[in-house]
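The values are calculated or read from the model by the stated rules, or taken from the named source; none is laboratory data. Note that this is a predicted model, so its numbers are computed, not measured. Cβ sites come from the backbone with ideal geometry, for glycine too, and all protein chains shown count toward neighbours. Calculation scope for accessible area: heavy atoms of the full protein, side chains included, ligands and nucleic acids excluded. Shrake-Rupley method; radii C 1.70, N 1.55, O 1.52, S 1.80 Å.
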Amino acid sequence: MKLLSLLAAPLLVSSSPLLAERQADRSIDTLFKGVGKIYFGAATEKAKLETGKTGAIVQQNFGQVTNEYLMKWDQTEPSRGQFNLGPADELVQWAITNSKSIRGHTLVWGDESVHAVPQWVLDITDKATLTEVIQTHIKTVMAGPNNAWKGKVRAWDVVNEVIGDDGNLKNTHFFQVLGEDYIGIAFRAAREADPTAKLYINDYNLESNTFGQHKGMLNYVKKWLAEGIPVDGIGSQTHIQLGGADGLETALRELAEIDGKLEVAVTELDVVGSDPPTYWKAVQACYHVPRCVGVTTWEVRDEPIADQATPNKALFKENYDPKDAYYQIADELRNLQK
């Protein structure tokens, strides 16, 4: 790390022509595709792309985008049957225009707090009604405004954060009303809505096979596939700290080996402290697992400290300069080019 810092230090000068040239020459998306992966992406929003240099950074360095919050249920259908897809569509249309892959996030969330599930959904206690609501929500959101998203969004997080620390499905409202059946209801509705999209279950604490979520994911996905539930992929969020990627390769490999066609992805990567070796180890884990299709970071840059609980986790500084972690990923990927 010290050697990397010394090598990178002269280049970390804000807004310099040398910086811009090196950034363009070291697109981690281009380099990741060069070793056989589909994308290296970032979670963001259209409004953030219009802030400072964020849009230029994503355009030059990333090949995939995920809406952070604007595709979540309380944003897309705050009242029953009243859909608001315009804000999320702004990022989708930007991605289509700029030839970026798109990840839809998320359709059914196991979290029932802010930015998750609106109260009107939580008030439904009838099985048939809740089933219909899930199906209608998924069908409408995946289609997008005027059917503009169908066939354009590569992958969807159909269910998100539904497995607890004990490895069992969380006791969410969906589970309380429908039991485990809500998983199949959601995935089958998603397959019908867009047969071309990759359908994912996405969760945290999947970066180590010692965690309850990982053990539960192995058991549930194997069971669901045997029941014909169309799960195409597993997303490991991978919000980690120093050394947190040490078990990621093994964890991803075990998830991918549940089924011969299942793909995996790192979907929300960030590292507290932005430690370069930890960041690289996470990317390297995906590189080593053949059916890991890509890595997405959570946020493009460090947001202003007043707007975040834990600063210094992204690949770019608040002032838009790339960090040592970005350069280590780029340098290591360059050495692996086929």
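Take the alpha carbon atoms of region 224-245, find their center, do the same for region 89-134, and report the distance between the two centers in whole angstrom. Measuring centre to centre over Cα atoms gives 18 Å.
Overall shape: oblate for region 156-219, with the ratio a/c of the largest to smallest alpha carbon gyration tensor axis at 1.5 or above and b/c at least equal to a/b.
In summary, region 169-287 shows an alpha-carbon radius of gyration equal to 1.11 times the 2.2 N^0.38 Å reference for compact globular proteins. For the chain, a Gaussian network of Cα nodes joined below 10 Å ranks ALA190, ALA42, ALA128 by mean-square fluctuation, and the top entry is ALA128. Mind telling me which of GLU180, GLU263, GLU50 comes out most flexible in a GNM of the chain, alpha-carbon contacts under 10 Å? Looking only at GLU180, GLU263, GLU50, the largest GNM fluctuation is found for GLU50. Dividing the summed -39500 (n - 2.57) terms of all DSSP H runs of n ≥ 4 by the residue count of the chain sets its mean residue ellipticity at 222 nm at -11500 deg cm²/dmol.
Only protein heavy atoms count here; on that basis, with a 1.4 Å probe, LYS139 has an accessible area of about 140 Å². Among the trypsin sites (Lys or Arg not before Pro) in region 251-332, those located in a DSSP loop and surrounded by at most 14 other Cβ atoms within 10 Å of their own Cβ are LYS261. Mean sequence separation of contacting Cα pairs (under 8 Å, at least six apart), scaled by the length of region 28-336, corresponds to a relative contact order of 17 percent.
With protein chains left intact and a 1.4 Å probe, residues in region 244-327 average 34 Å² of accessible area per residue.
Exactly which trypsin sites (Lys or Arg not before Pro) in region 42-138 are in a DSSP loop and have at most 15 other Cβ atoms within 10 Å?
ARG80
Taking Cβ atoms as reference points and 12 Å as the exclusive limit, the residues near GLY244 contribute a net charge of -2, counting Lys and Arg as +1 and Asp and Glu as -1. Values of log10 I(q)/I(0) for region 63-135 across q = 0.15 Å⁻¹ run -0.55, by the Debye formula with one identical scatterer at each alpha carbon and no solvent. Across the alpha-carbon set of the chain, the Rg to Rh ratio works out to 0.96, Rh being the Kirkwood radius. With all projection directions averaged, the alpha carbon convex hull of region 66-105 covers 2.6 nm². Say we join alpha carbon atoms closer than 10 Å with springs in a Gaussian network model of the chain; which of SER208, SER99, SER27 then has the biggest fluctuation? Most flexible of the set in this elastic network: SER99. Rolling a 1.4 Å probe over the protein heavy atoms of the chain, with every protein chain left in place, gives an accessible area that is 50 percent carbon and sulfur.
Going through region 212-302, which chymotrypsin sites (Phe, Trp or Tyr not before Pro) have at most 10 other Cβ atoms within 10 Å and a DSSP loop state?
Sparse-neighbourhood loop chymotrypsin sites (Phe, Trp or Tyr not before Pro): none present.
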